[in-house]
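Right, one structure below, let's go through it.
Read-outs: derived from the displayed coordinates by stated rules, not from any lab. Owing to the predicted nature of the structure, the values given are computational and were not obtained by experimental measurement. Ideal geometry is used to build each Cβ from the backbone, glycine not excepted, and the neighbour counts take in all protein chains shown.
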């Protein structure tokens, strides 16, 4: 393992985790209206993928976007203010949690229409190909997106026109109602292997352990290189572990605020329904254990890293809560450019 | 030098000029002029810009998504959805992606995509190839909606649509493709939200939408023979709508007939009638009349199709009613 790369991944993943813990805490106390989705459990996939994307790449993501936008470098204060519907938000409070969007960082629209994301990313790939600057279109979506029709149409077009489209499916359902129950993902999809869908269109489709940022990084780097070389789209299915708090609509911090002592050994792993999560499935604790295994001053470094991330999120929260609500007189602003 | 040109030819000229002017403009769609005799005119686009004309599979939702995403990533695609009826397959992408993106991003994202279709009663289209979209689209804030009626207008409005930073939906009509007018000299983009008075008259204002403009002009010619001078107003774009020109015309004539091929209920004619009733009631000397399609799917058999589709005869009848008070 490249230890420094591990630390970089961990910093990104901790930023995502502490951000989502802040969102979950604010959500639980009713600090913002509407339903929302957290990225907890999928941090390793996002950190690995974004580590190899380039500035000219154009990205489409979904309702579960917070981690993606942060990984690309969005300001956590502006992101949190957007979730709170504030004027200082990334999108001046017009989009909210489901639509965090940073076009200056290469994002196209962040859609809550799950299948749309694949189509929008195919369009981004079309634009990148037209410009010829080596950029690629990237679609980040969940397994649910493949239940809709647009991804099929978009993948077919991307395959026919050899668009530089990287399809990253973050499957967070496999152990929720799929493999763990003897099917895959039996309740909502007739296909018993999601890779067969792009596979039928001749799109190379691989599966990777979404809990391992190094594996995701390698897979995305290889796929992106293929896209950049003009060989057409590639599909990656990252298998992530379903987090217990990932209830439909209103998540709750079922596993509490992450205690890195469970990685250092200072905190014993509690008995109960989440023991498996703490011991094996939490990607943040897993990576923390890997970097700690390097020995030396790594325990102190981990504490310092977490303290810095927590300070950043604390500042973000103060900024977001201090940001004013938008002026009602501006409600129809930005209907047209 | 002035020359006569068909609607189809002017449409092709606009695309050629836009593609010449901006390398990010592309055409996604094989036959934006339908499958009729004008189809071959688009070959010139294909010949001059072979790398920027894309023949898609039968995937209206997919190409709409592609166009929207490409526009958000900096390209200026023209997405042709063929027959207006197929636009329903693209509805999510048009109404719930393109139209909302600018506001939803707090003004940080633009989506300069141009959608095009040939809508309406094209003849023997039966219910599933005769749908009219423009009124339904008008209930989607964030879209610019263009309804060109003549060659001169489609040329100038297409140029503006392609250059616009907003998502724009151009609703053409299959029965307009062969219609010819004298082109303006010089040719220039036509700004959105500028109605055009196609004929001056003192007795009644007939507002026509798309092919309704040609029906209105034909009706006005007939009425003139009996001494009734109708003014024909063409809004040219529904969103934005040039309310001032419409109200000014009604203030002079005191009577309004609105012609729209969309089914009557919640048609564009209904919205324009409501706008004039609200803002120009004091000008009206008679109730506003709406001439629109029957509220029924369009049947196949020719006499049935004709029975539900408005034309000059229905307009003349409505004008007589308006003049009677």
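Worth a mention:
- Beta bridges by DSSP in chain A, antiparallel share as percent, to the nearest 5: 0
- Distance between region B:1-53 and region B:221-240 - C-alpha centres, whole angstrom: 30
- Based on DSSP H segments of at least four residues, each scored -39500 (n - 2.57), the protein assembly as shown has a per-residue ellipticity at 222 nm of -11500 deg cm²/dmol.
- Dividing the convex hull volume of the alpha-carbon atoms in chain A by its residue count gives 132 Å³ per residue.
- Relative intensity of the protein assembly as shown on a log10 scale, I(q)/I(0) at q = 0.06 Å⁻¹, equals -0.40, per a Debye sum over C-alpha point scatterers of equal strength in the absence of solvent.
- Sorted from greatest to least, the principal axis extents spanned by the alpha carbons of region B:127-203 come out as 35, 33, 30 Å.
- Residue of B:195, B:268, B:307 that the Gaussian network model of chain B assigns the largest fluctuation, springs spanning Cα pairs under 10 Å: B:307
- Computed over chain B: relative contact order in percent, which uses C-alpha pairs under 8 Å that are six or more apart: 16
- Overall form of region A:181-337 per C-alpha gyration tensor (a/c, 1.5; a/b vs b/c): oblate
- Of A:282, A:306, A:297, the residue with the greatest mean-square motion in the GNM of chain A, using alpha carbon springs below 10 Å, is A:297.
- Considering only beta bridges that DSSP places wholly inside the protein assembly as shown, some 15 percent are antiparallel.
- Averaging the sequence gap over all C-alpha pairs within less than 8 Å and six or more residues apart, then dividing by the number of residues, gives region A:3-327 a relative contact order of 23 percent.
- Region B:52-100 - percent relative contact order, Cα under 8 Å, separation 6 or more: 44
- Stokes-Einstein diffusion coefficient of region A:252-337, Kirkwood radius over Cα pairs, 4 °C, 1.567 mPa s, in µm²/s: 80
- Max mean-square fluctuation residue, GNM over chain B, Cα-Cα springs under 10 Å, options B:51, B:196, B:80: B:51
- Applying the Kirkwood pairwise sum to the alpha-carbon positions of region B:77-173 produces a hydrodynamic radius of 13.6 angstrom.
- Of B:85, B:251, the sequence from fewest to most neighbouring Cβ atoms within 10 angstrom is B:251, B:85.
- Only Cα sites of region B:4-182 enter the Debye sum here, all with the same form factor; the resulting log10 I(q)/I(0) across q = 0.09, 0.19 1/Å is -0.27, -1.31, listed in q order.
- The calculated Kirkwood hydrodynamic radius for region A:34-157 is 14.6 Å, given to one decimal from all distinct C-alpha pairs.
- Based on every Cα atom in region A:1-91, Rg and the maximum pairwise Cα distance Dmax equal 13.6, 43 Å.
- When the alpha-carbon atoms of chain B are used, the pair Rg, Dmax equals 19.2, 59 angstrom.
- Ratio Rg/Rh, restricted to region B:213-325 and using Cα atoms, in which Rh is the Kirkwood radius: 0.97
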